[in-house]
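Step one of this worksheet: look at the structure below.
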Amino acid sequence: MRIGELAERAGVTTRALRYYETLGLLPARRAGNGYRSYGEDDLRLLAQIRTLQDFGFGLEETRPFVECLRAGHPEGDSCPASLDVYRHKLAELDDVIARLREVREQVGAQLARAEVEATAQAPESSPPRCEYAGYQDNDGKRG
């Protein structure tokens, strides 16, 4: 298949495919007429790259998976180098999760403190209105 068809089937742009080619992630094969030529294996490589990118892997981190597929393994994550990348990514994710938990605890503590102060300072009959019109939650509702 030619580059446009591969891009369409893989859900990427032709520009992305050319970039992957310059990085050595996608083979650069040319037909007799000079056009780039791709097969189903290339589509599988791209699916592996896209899946890993969706999981937060950088392009360079996808290289061991691509090389594993190119080596003839049915899955790109069955090689030792791929497993090492998985281990490294899990360690990174564990670090991010730990930091997010710390931040969540701090924000929760700030909220609890602020609520206690607001309750203690406001008269019960008419609490002051303090609204920030620019805040919206994930559903688009104002907070």
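The values are calculated or read from the model by the stated rules, or taken from the named source; none is laboratory data. These numbers come from a predicted model, not from an experiment. For neighbour counting, all protein chains shown are included, and Cβ atoms are generated from backbone atoms with ideal geometry for every residue, glycine included. For the accessible areas, the whole protein counts, side chains as well, though only heavy atoms, and no ligand, DNA or RNA atoms are used. Shrake-Rupley method; radii C 1.70, N 1.55, O 1.52, S 1.80 Å.
Kirkwood-based Rg over Rh for the range 17-88 (C-alpha set), two decimals? Intermediate values should be presented prior to the final figure.
Numbers: Rg = 12.6 Å, Rh = 12.6 Å.
That ratio is 1.00, to two decimals.
Viscosity 0.692 mPa s, temperature 37 °C: Stokes-Einstein D of the chain from its Kirkwood Cα radius, in µm² per second?
Values: Rh = 19.6 Å.
D, rounded to a whole number, is 167 µm²/s.
Tell me, in nm to one decimal, what length is gained between residue 105 and residue 22 on full extension, where the rule is 0.36 nm per residue of separation less the Cα-Cα distance?
The span from residue 105 to residue 22 would gain 25.4 nm if fully extended.
List the DSSP H helices in the chain whose Cα atoms stretch 24 Å or more along the helix axis and whose mean Kyte-Doolittle hydropathy is at least -0.5.
Flagged H segments are 80-121.
Between residue 97 and residue 55, what is the label-to-label distance in nm when each label sits 7 Å out along the Cα-to-Cβ direction?
My value for the distance between the label points is 1.4 nm.
Tell me, what % of the accessible area of the chain is carbon and sulfur with a 1.4 angstrom probe?
So the carbon and sulfur contribution to the accessible surface is 53 percent.
Only helical DSSP H runs with n ≥ 4 go in: add -39500 (n - 2.57) per run for the chain, normalise by residue count and round the 222 nm mean residue ellipticity to 500 deg cm²/dmol.
Helix-only estimate at 222 nm: -20500 deg cm²/dmol.
Over the chain, average the accessible area per residue using a 1.4 Å probe and give it in Å², no decimals.
Ligands and nucleic acids excluded, the figure is 72 Å² per residue.
Quickly rank 23-34, 105-116, 3-14, 57-68 as a protection proxy: mean count of other C-beta atoms within 10 Å, highest first.
57-68, 3-14, 23-34, 105-116
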